[in-house]
Amino acid sequence: MKKNRVALLIGAGAVENAWAPVLNAIKEFCGIDTTADGANFVLANWIYMLRFYSTVGHIKAPEILEIHKKDTYWLKKAIVDNLKMAQDKDEIRARPALKRIIEKLIISDDNTFGFVTTNWDTTVDKVISQELKRFGISHPQSIFHIHGDVDDCNSLYLPSEITDETFRAKEESFKIGLKHKMGMEFFMEATHIILYGISLDPLDAELSQMLRSACNKENLKEVTIINLENEKQRISERVRLLFFPSNREIKINFIDPNSI
């Protein structure tokens, strides 16, 4: 009997206080008090400025670009340092629903499975490892951090960033592109994609396109959205739009994590 291939994609909504360390880093580095939405705005603008100075034909552009790239490194380092400190102090942690999702929706004799996250921290990694061990499962593939992680501040993918950027060295873009290719192949092999704590933010069009490619494969039979009830209409609409233009009929579930 052919097994289901389940892909669990985990976002910031799966982590308690996920944005707090990032907001602290922005305050430390930029002197700005802001919200998660404001942080997305600031960081997306940061990426735009890197693109601008790497392409504009101004005599001072190369010099300004190098300054901005150095600032980007130190900003990312501040984010990583704050995330690591928050993890060590247990100020950020995976929400309890993650364990229930793994037990009830992932682990089954009928399933093969894998895990992808857009998160920079590694709080969900620990829970996944513990749960698989609890069920006596040896899983060769660790969770795949498609947007980088705290082990390498240079790997952090900021909002609106894409694989091939004009401000990056070709070797770096190739490395990032290879990582995303692996992620896309993983999604495209899935029969069931579960989105937990993922909003499909318009700033991450690249991730949406990866999922869109998977959603138009005949092997995908089901998509499950796990998010708060007040997000149902917004995220469900975005998932339905992933099937354009084929408009395939497919089972789309919505589950509030508090009900699992």
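Taken together, the values in this text are just the output of simple stated rules run on the coordinates, not laboratory data. Bear in mind that the values here come from a model prediction, so they are computed numbers and not experimental data. A quick note on method: Cβ atoms are made from the backbone with ideal geometry, for glycine too, and the neighbour counts reach across all protein chains shown.
Things worth noting here:
- Kirkwood hydrodynamic radius (C-alpha pairs) into Stokes-Einstein, the range 91-227, 25 °C and 0.890 mPa s, D in µm²/s: 152 µm²/s
- Within the range 126-227, the trypsin sites (Lys or Arg not before Pro) that combine a DSSP coil assignment with at most 15 other C-beta atoms in a 10 angstrom radius are Lys217, Lys221.
- Note on Asn253 and Glu218: the model spin-label points, each 7 Å out from Cα along the C-beta direction, lie 2.5 nm apart.
- Here Lys133 and Glu16 are evaluated by their C-beta separation; at R0 = 25 Å the FRET efficiency comes out at 0.65.
- Cα Rg, Dmax, the range 14-108, angstrom units: 17.9, 61
- Partners of Lys221 within straight-line reach, counting aspartates and glutamates whose Cα lies under 19 Å from its Cα and excluding those fewer than 8 residues away in the same chain: Asp109, Asp110, Glu185, Glu189, Glu237, Glu249.
- If R0 is 51 Å, the Cβ-Cβ spacing of Lys99 and Val56 corresponds to a FRET efficiency of close to 0.55.
- Its Cα gyration tensor gives the chain an equivalent ellipsoid. The semi-axes, each the square root of 5 times an eigenvalue, are 32, 22, 17 Å from largest down.
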